[in-house]
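To keep things clear, I will list the structure first and then write my remarks on it.
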Amino acid sequence: AMLDPDSGLSLTIARIVQRLKGSSLHSQLERQARVSLHKPEIKLESLKEDIKDFLKTSGWEKKLQNAVYSELNVFPSPCHPAAPAEHMKEPLAYMRKAQGSWEKRILKSLNSMCTELSIPLAQKRPVNEQKELLNKWNEMGTDEPDLSLFRPVYAPKDFLEVLMNLRNPNYENGEQPSFRNHLGLIQVPLKVKDIPELKEDFSELGLNIGQLGIDDSAQVPPEFFENEHVRVGQKVLAEQDSAAAQQYVRQGCPTALRADLWALILNISNQPEDILYYEQLKSNVIQHDLLVDSLIYKDVKLTASNDDYYFVFEDYLYQVLLCFSRDTSVLEHFTYSSATPPKSYIRGKLGMEEYAVFYPPNVNYNSFILSVAPLCFLYHEPSKLYQIFREMYVRFFFRLHSISSHPSGIVSLCLLFETLLQTHLPQLFYHLREIGAQPLRISFKWMVRAFSGYLATDQLLLLWDRILGYNSLEILAVLAAAVFAFRAVNLMEVTSLAAAE
């Protein structure tokens, strides 16, 4: 049942107040208010108003607005109070079930690896190993452990197979006629946007609006648009307003301002307590050895070390990913994600809840590496790089690895891609399907990695500007379809999947 707008709003307000109460911003505001009592302009008879004015003029109100805006961007709109909790995670039961069995499969794969190699999921490092790791923290890339026995937990094509087998049980017998003509690999009826709806949503990408990184052939001298855009960007930064920054980056970010604008949109300020938190994660890495450490190591070696752009960031990648694998605050996103945090039990205590440990927040390391690497171009301080990545993950990237009906979820993106292609380039779609080169088999890995590793970094960052600007991953499906449209003439000539690739 839909809520009437007023009670929905008050629910949202109550939830945001609740969430901000425990935050460091709340205690900073209290401290500032207390400090202001000693100021001559604060009068006892107009105390409340004077303190409010002080917080406004001293910039604290802006910080509070940004925090509220950030909450609104991350959390879903409130359900009906009577709705069960799992509906907030994912309203469709068959999606929840599919996600659950996919998680079991991943954990089974991890556990069988432990048994095969007879190593525990987690153990304390001996003191001498701790010292050694601490000493080489900034040059972990020089290590060459033998990891030939470790295998990736799964590949994108395994995940695609699972998505292709998804079915809505209610449609099994009486197929809806409107959906029967979808000839793609994804066979679940989710509502995805058509071109007119996308045009409306992505109106700032219209051909009559300047885009950074493309408009060098326009009628207006490109430097004119660029200089003006940079000037506006500096103004947005000076204002320190998250909402304005989010609107601004829809036309692309000037390279020099991107790091600061993204941090503003994601509401990351790298306070002393954030740096401290990162240091705690680091000491956890130093003290405990997890099975995933070896998987992360192997993936970084395979992915980054062979990449002309990213190999220089190898050490950063280890630091961020090893810390991420131990960050329990990431577990919070499971309240609005269809996923459940993976649990493992201490050896010999299977099924005894008090011995359960949440074992790493997520397991798809391969695409993690590619989602951290581009950020290394923007942030050179590990704790800030870490916070930006974590925020990008809990806002966006986790949706690419979990099964859900969310419009930015990977299932919807696959369906949107296939629908766009089938509707707008039907001949190309049929041709590729006939020769056994279903378009999604080619574009799936682009989307699941948010195009990282497939686009040059400067182009990738311009694409991610739009993800942040629209607070949505739908642009990935639109770009994937556009690439096919761009190559349509050549693709009509090919006769095999390999040739199409």
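The values are calculated or read from the model by the stated rules, or taken from the named source; none is laboratory data. Just so you know, these numbers come straight off a predicted model, no measurement behind them. Note that we place each Cβ from the backbone using ideal geometry, even for glycine, and neighbour counts take in every protein chain shown. What goes into the accessible areas is simple: the full protein's heavy atoms, side chains included, and nothing from ligands, DNA or RNA. Shrake-Rupley method; radii C 1.70, N 1.55, O 1.52, S 1.80 Å.
Using the Cβ-Cβ distance between Q280 and K199 with R0 = 41 Å, the FRET efficiency computed as 1/(1 + (r/R0)^6) comes to roughly 0.30. Computed with a 1.4 Å probe on the full set of protein chains, the accessible area for E204 sits at about 30 Å². Candidates P91, A373, L462 compared by Cα position along the dipole of the chain: farthest toward the positive end lies P91, with charges placed on Cβ.
Listed by chain and number, the lysines placed with their C-alpha closer than 19 angstrom to that of K199 are K191; residues fewer than eight positions away on the same chain are left out. Farthest toward the positive end of the dipole of segment 5-74, out of L72, H26, W60, is the Cα of H26, where the dipole comes from beta carbon charges about the Cα centre. Among the listed pairs K108/K193; K89/K445; K157/K298, those with a Cα-Cα distance over 30 Å are K108/K193.
Protein heavy-atom accessible surface, 1.4 Å probe, per residue over the chain: 51 Å². About its Cα centre, the dipole of the chain is roughly 1240 debye, where the only charges are +1 on Lys and Arg Cβ and -1 on Asp and Glu Cβ. Pairs of Lys residues in segment 5-74 that lie 8 or more places apart, or on two chains, and have C-alpha atoms under 16 angstrom apart add up to 8.
Placing unit charges on the Cβ atoms of the charged side chains and taking the dipole of the chain about its Cα centre, the candidate lying farthest along the positive direction among T12, P169, A499 is P169. With the full set of protein chains in place, find how many percent of the accessible area of segment 5-74 is carbon and sulfur; take the probe as 1.4 Å. The C+S portion of the solvent-accessible surface of segment 5-74 is 60 percent. Quick one: pull the percent of accessible area on segment 365-501 belonging to carbon and sulfur, 1.4 Å probe, ligands and nucleic acids left out. That fraction is 56 percent.
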